[in-house]
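A.B. asks: First, the structure itself, so that you have it in front of you.
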Amino acid sequence: MKQQPIGLFDSGIGGTSIWKEVVKLLPYEKTIYLADSKNAPYGEKSSEEIIALSIKNTDFLISQGCKLIIIACNTATTNAIDYLRSHYNIPFIGIEPAIKPAALQSKTGAIGILATKGTLTSKLFEKTANEYTKNITKIEQDGEGLVPLIEEGKLNSIELYQLLNKYLKPMLRFNIDHLVLGCTHYPYLIPQIQDILGEQVKIIDSGEAVAKQTKAILEKQDISNTSTSIANHQLYINSNKTVLEQILKDTPAKFTISELDF
């Protein structure tokens with residue numbers, strides 16, 4: 001069990017922002033990452049569709065021998081994690097927008113949340129938001145159209161920058177001092193987002209926190225890899241792998257990317 005890999009899945013390449021943090025913190029843990037790009041974005045699908053896709057992804061990762069699964073997708077977490085935990089005998093770690101730290105650290109009493117429709121309309125998001133933002137103004141924005149552009153590798157396109165301007169500029173009128181990224185694709189847009197919002201707004205994503213939680217669960221379950229050899233990683237994608245190769249080109253980890261008919 002200890003030598004088995006950690007599994008991760010997302011509705012595409014965005015969850016690699018989580019994968020990078022996990023690999024950095026846990027260099028001896030092997031991983032298998034599944035990018036379900038063919039079905040991206042999850043954020044515009046029904047809860048039933050998201051659960052069905054999450055089951056399919058989970059079954060694949062379990063078939064590959066994974067000992068723990070990280071749902072590296074906010075939308076899949078908020079819609080499917082309860083179902084997965086009740087139907088599979090394996091630890092699951094989910095991704096939630098980091099609303100709590102943003103609310104606790106805010107000096108202006110106003111925070112922005114950029115997420116998918118599927119996350120913003122979920123019961124889990126509503127519960128978390130209500131719990132931590134009682135005295136905070138929260139500006140929620142659906143990032144419709146951003147994920148497809150990221151999946152196409154158009155990170156620096158005019159179209160993407162125009163969408164970000166449209167979604168983020170209105171938040172500044174509310175004097176936000178934190179922006180919560182509620183989609184694992186969005187950390188790849190941090191330079192563009194910071195350019196629009198300015199340095200006075202702190203951008204928060206969940207990557208580092210998820211990596212720390214993964215380490216804690218591995219230790220608690222006594223399934224940490226005891227090897228001292230730097231791990232190799234396998235990434236699968238069910239569409240063209242070119243964009244995935246591009247965003248990981250500077251990653252120091254040892255990995256292989258394969259296209260999968262899935």
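The values are calculated or read from the model by the stated rules, or taken from the named source; none is laboratory data. Every value quoted in this text rests on a predicted model; they were computed, and no experiment measured them. So basically every Cβ, Gly included, is an ideal-geometry build from the backbone, and we count neighbours across all protein chains shown. Remember, those area values only see protein heavy atoms, side chains included, never the ligands or the DNA or RNA. Shrake-Rupley method; radii C 1.70, N 1.55, O 1.52, S 1.80 Å.
A.B. asks: Checking the structure you have, find out if any residue of the range 194-216 is farther than 19 Å from ILE99 by Cα and touching a residue at least 60 places away in the same chain (Cβ under 8 Å).
C.D. replies: Yes: one or more hits.
A.B. asks: Then there's this: Of all residues in the range 185-238, which are out of contact with any strand residue (DSSP E or B) (no Cβ under 7 Å at 6 or more places or on another chain) and among the aromatic types (Phe, Trp, Tyr)?
C.D. replies: Across the range 185-238, the qualifying residue is only TYR188.
A.B. asks: Is it the case, given these coordinates, that THR121 is β-branched (Val, Ile, Thr), modelled with pLDDT of 95 or more and either open to solvent by 80 Å² or more (accessible area, probe 1.4 Å) or over 18 Å from SER206 (Cα atoms) (or both)?
C.D. replies: When the stated conditions are applied, THR121 does not pass them.
A.B. asks: What do you reckon, is ILE95 β-branched (Val, Ile, Thr), at pLDDT 95 or above and under 29 Å from THR228 (Cα atoms)?
C.D. replies: no
A.B. asks: Please go through the range 225-237 and pick out each residue that is open to solvent by 20 Å² or more (accessible area, probe 1.4 Å) and within 22 Å of the chain's Cα centre (by Cα).
C.D. replies: Scanning the range 225-237 gives ASN232, GLN234, TYR236.
A.B. asks: Oh, and also: Identify, please: which residue in the range 47-58 is modelled with pLDDT of 95 or more and farther than 26 Å from HIS233 by Cβ and is, among those, most open to solvent (accessible area, probe 1.4 Å)?
C.D. replies: Applying the filter and picking the extreme gives GLU48.
A.B. asks: Looking at (1) over 23 Å from ASN79 (Cβ atoms); (2) surrounded by 14 or more Cβ atoms within 10 Å (Cβ to Cβ); (3) basic (Lys, Arg), can you tell me which one ARG173 breaks?
C.D. replies: Tallying (1) over 23 Å from ASN79 (Cβ atoms); (2) surrounded by 14 or more Cβ atoms within 10 Å (Cβ to Cβ); (3) basic (Lys, Arg), ARG173 fails exactly one: (2).
A.B. asks: Here is a further query. With the structure loaded, tell me whether LYS166 is touching a strand residue (DSSP E or B) at 6+ places or on another chain (Cβ under 8 Å) and modelled with pLDDT of 95 or more or whether it fails that test.
C.D. replies: Against the criterion (touching a strand residue (DSSP E or B) at 6+ places or on another chain (Cβ under 8 Å) and modelled with pLDDT of 95 or more), LYS166 does not qualify.
A.B. asks: Is it the case that SER157 is open to solvent by less than 80 Å² (accessible area, probe 1.4 Å) and at pLDDT below 95?
C.D. replies: no
A.B. asks: Restricting attention to the range 59-105, which residues are surrounded by fewer than 20 Cβ atoms within 10 Å (Cβ to Cβ), in a loop (DSSP other than H, G, I, E, B) and either touching an Asp or Glu at 6+ places or on another chain (Cβ under 8 Å) or not aromatic (Phe, Trp, Tyr) (or both)?
C.D. replies: Within the range 59-105, GLN64, GLY65, ASN89, ILE90, PRO91 qualify.
A.B. asks: Shifting gears a bit: Looking only at the range 200-224, which residues are aliphatic (A, V, I, L, M) and open to solvent by 90 Å² or more (accessible area, probe 1.4 Å)?
C.D. replies: none
A.B. asks: Of the residues GLY112, GLY43, GLY7, GLY12, which is buried (at least 22 other Cβ atoms within 10 Å of the Cβ), touching a Cys at 6+ places or on another chain (Cβ under 6 Å) and either outside any helix (DSSP H, G or I) or in contact (Cβ under 8 Å) with a residue 40 or more places away in the chain (or both)?
C.D. replies: Of the residues listed, the single one that is buried (at least 22 other Cβ atoms within 10 Å of the Cβ), touching a Cys at 6+ places or on another chain (Cβ under 6 Å) and either outside any helix (DSSP H, G or I) or in contact (Cβ under 8 Å) with a residue 40 or more places away in the chain (or both) is GLY7.
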